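The values are calculated or read from the model by the stated rules, or taken from the named source; none is laboratory data. Being a predicted model, the structure only gives us computed values, none of them experimental. As a convention, Cβ positions derive from the backbone with ideal geometry for all residues, glycine included, and neighbour counts pool all protein chains shown. Surface areas here come from the heavy atoms of the whole protein model, side chains and all, with no ligands, DNA or RNA. Shrake-Rupley method; radii C 1.70, N 1.55, O 1.52, S 1.80 Å.
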Amino acid sequence: MSSDQSAVSAFQQYVRARILEHLRQSGEASRTALAEVTGLSRRALGGIVDDMKQAGLVDEADADRGPDRGVGRPARVLRLPVRQELTLAADISPDRLRVALVDSAGAILSVAEANADIAMGRSHTVGTLVALARSLDREEGRLPARAVLGLPTMVDYERQVVDPAGARALMPSWTDGATVEEFASALGMPVTIANGATLATLAELRLGAGRGSKNFIVLGIGHEGIGSGIVVDGRVFEGARGFAGEISHVSVHADGVICPCGQRGCLAAETANQLRLFLQARGVDMNAEAYEELSIASAQGDPAVRRLFADIGWQIGRAVGSVANVFDPDAVIINDTLTAVGDDAVTQSLVRSITQHTHPGITAGMKVVTSDLKHTSILAGAGLL
């Protein structure tokens, strides 16, 4: 135990932990906000914060001036010190693997990617990830100190295991509880696994369209599936086991197709089935190239493809509206990688559907915006975790 920790009471350690966890989630906070979080008076909190500053646990600086801030003296906020070490970030999707070196501010320094079929087993993904990591350009003396992997399935974050119900069909070899150990052994560094949508949500909160909003939904739409996360009171809400925000498993069709999770009519399963049937009718196999061709066709005005994407957007909007009615967010952030840049076939229908299926009192104060982070959101979120 360090000399600093040994002189700190159990209560002070508890308060410190609350402060650090809040700053990890929100990025920054004023002393007034931290007093509300901890339940302490400003005076009682002040001594603990000053001790934390002296110990190098937190920094205090002027808040960044946003476009709506006045010209007076800026508020002072506390932040976690910028770490010098880098994170090896991985965005693992069913058919592609992206790996990057990311700093603690979420800046992506270098990226490598390759096709990788997750159904071929965890060991295959491990080998591909190690090869990509070795190919990254590394600045002299700045090697990654850890790895954070964003997975396309539900992850029990506290226990650091893949949830078997969500991964049984997609990635069964990952459900034995040894995922972290295998990657850590191969990479030679500590490894953390998380749901990819959770990392994307953290990136939107700290770097993207979620800045300035305290309660919002993040929706990721791609050919790999539908990912989502929610932010409550300025923090990523994970629920009891880290499974919160799974809009993809909202039932949209009581008698629909059976989802790999065992339920019928889950949003993600219904959407995947729509895409599959459409491609089958055109005599095309389901793969990344086929989805890319659909994106191009939609951007070029193919009426059938645009109707397909519009139907998908409307169906997703129904599920988002249901969540919005319960949650009352101030924003919905859409990260659409299914369609080509500039193509609004999905988002236009999605926005109309959200409006149609959400109470007018909620939509009156809720904005729907698109993300600028696109394919980088999970990688950036891994660096921020």
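A few remarks follow.
- Dipole magnitude of the chain, debye to nearest 20 (Cβ charges: Lys/Arg +1, Asp/Glu -1, about Cα centre): 900
- The GNM of the chain, with springs linking C-alpha atoms under 10 angstrom apart, assigns the highest mean-square fluctuation among 303, 152, 190 to 303.
- Semi-axes of the equivalent ellipsoid for the stretch 279-385, computed as √(5λ) from the eigenvalues of its C-alpha gyration tensor and ordered from largest down, come to 27, 19, 11 Å.
- Summary: within the chain, the longest segment free of trypsin sites (Lys or Arg not before Pro) located in DSSP loops with at most 16 other C-beta atoms within 10 Å is 283-385.
- Helix runs (DSSP H) in the chain reaching 27 Å along axis by Cα, Kyte-Doolittle at least -1.0: 303-327
- Choice from 326, 250, 180 with maximal GNM fluctuation in the chain (Cα, 10 Å cutoff): 326
- Gaussian network model of the chain, springs between alpha carbon atoms under 10 Å - residue of 222, 212, 321 with greatest fluctuation: 212
- Net lengthening on full extension, residue 80/residue 186 (0.36 nm per residue, minus Cα-Cα): 35.2 nm
- With kT/(6 pi eta Rh) evaluated at 20 °C and eta = 1.002 mPa s, and Rh the Kirkwood radius from Cα pairs, the stretch 267-308 diffuses with a coefficient of 204 µm²/s according to Stokes-Einstein.
- A viscosity of 1.567 mPa s and a temperature of 4 °C, combined with the Kirkwood radius over Cα pairs in Stokes-Einstein, give a translational diffusion coefficient for the stretch 187-323 of 78 µm²/s.
- Taking the C-alpha atoms of the chain, convex hull volume expressed per residue in Å³: 168
- Both radii were evaluated on the Cα set of the stretch 112-194; the Rg over Rh quotient, with Rh as the Kirkwood radius, amounts to 0.97.
- Shape of the stretch 328-385, Cα gyration tensor, a/c cut at 1.5: oblate
- Positive dipole terminus of the chain, leading residue within 48, 361, 167 (C-beta point charges): 48
- Length released on extending from residue 311 to residue 55, taking residue separation times 0.36 nm less the Cα-Cα span: 86.6 nm
- Here residue 125 sits with roughly 0 square angstrom of accessible surface, probe radius 1.4 Å.
- Within the accessible area of the chain (1.4 Å probe), percent carbon and sulfur: 50
- When shorter helices are ignored and each DSSP H run of at least 4 residues is given -39500 (n - 2.57), the per-residue value for the chain at 222 nm works out to -12500 deg cm²/dmol.
- Gain on full stretching of the segment that runs from residue 352 to residue 277 - 0.36 nm per residue minus C-alpha separation: 24.5 nm
- The alpha carbon radius of gyration of the stretch 155-208, expressed as a multiple of 2.2 N^0.38 Å, is 1.27.
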